[in-house]
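Please read the structure below before turning to the comments.
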Amino acid sequence: MKRELRKVPANMLSLGLGALTHALRLSFYADFDNGHWGELSVLNAAHAAEILIKARIAAEHPFLVFEELPRSTQTKNANLEFDDLFTKGKTIDYADLPERLWAVTGETVPNLELFKEFGRLRNAIQHFASHPKEDPREKTLGFVFGVIDPFINKQWGLFAIDYNEEMGDHYEHIFDSLVARDIRPLISPDAAEAWSNLGYKPGATAPAGYAKWFEDAMARALPKPRAPKARQKHLLP
C-alpha cells in the first residue's frame, strides 16, 4: 500500500491539470452541436481546482485528503488496503478544502471569495440551471486565472496559460479573447516567446491599462539576453 500511496500526489496533479486543460478548451471555444460547453467549462474548472488543491495536500500525506477513513471493521484484511480507500473512504468536500490546505501546509487559496462563489455557481449549474444573464465562460476564465493560475504557479511553477487542448499555436488563438475580457494571466516563457514572435500586442480597443500591464508582464517572462563576456586583458610578464 505504501508504494501505491506514493504515486497519489503526482497522479492527482496530472489529473487536475487534465481537467484544467479541458476547462480552458470549453471556455475559449464553442461547439455548435453541443450548447453546453460554457456550463461544462464551469464543472471542469471547479473539478480541476478541487483535484489540484488535494494534490498539494496529498503531497504531505495522502490520508490528509480524506474526511473519513475506513474503519478497521470495514476492511477485508487486517491492514488498511488501497482498495478500501476507494470503496469506503470519503474525501474532503470542495468548500472545506481551503481550511484543510491551510491547516496542513500553511498555504491559502488565492482569492478565497472567488473560490467560494465559483463553488456555488458549480453547484447551481449541476443541480438545476445556469444563470440566464451570466456567461459561464466568463466566469470560468475569471476563476482559472484568478484562483487556479496563481495557485499552481506558487506550488509547482506552472502557468495555466500553457494548458489548452487546442493543438498547435493555441497562444495565437486565445490572445484576442484574453484582451477583450481584460484577463491578465501569469505569462509563461512559452507564451511570451510565441506572442513576441508573432508581434502580438493589445490594440487600441484594449481595456485601460492593459497595454502597459502586457508590456511589463512580457518583459518579465521573456528570457533575458545574455551580456557578452568581457575580453580579459592578459598582461605581459
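The values are calculated or read from the model by the stated rules, or taken from the named source; none is laboratory data. Quick caveat: nothing in here was measured; it's all calculated off a predicted structure. Cβ sites come from the backbone with ideal geometry, for glycine too, and all protein chains shown count toward neighbours. Accessible surface areas use protein heavy atoms only, side chains included; no ligands, DNA or RNA. Shrake-Rupley method; radii C 1.70, N 1.55, O 1.52, S 1.80 Å.
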Please report, in whole Å³, the volume per residue of the convex hull around the C-alpha atoms of the stretch 116-223.
130
In the stretch 97-184, which trypsin sites (Lys or Arg not before Pro) fall in coil by DSSP and have 13 or fewer other Cβ atoms within 10 Å?
133
What order do 94, 29 take when sorted by accessible area (1.4 Å probe), most exposed first?
29, 94
Tally Lys/Arg at +1 and Asp/Glu at -1 over every other residue whose Cβ is under 12 Å from the Cβ of residue 25; what's the total?
-2
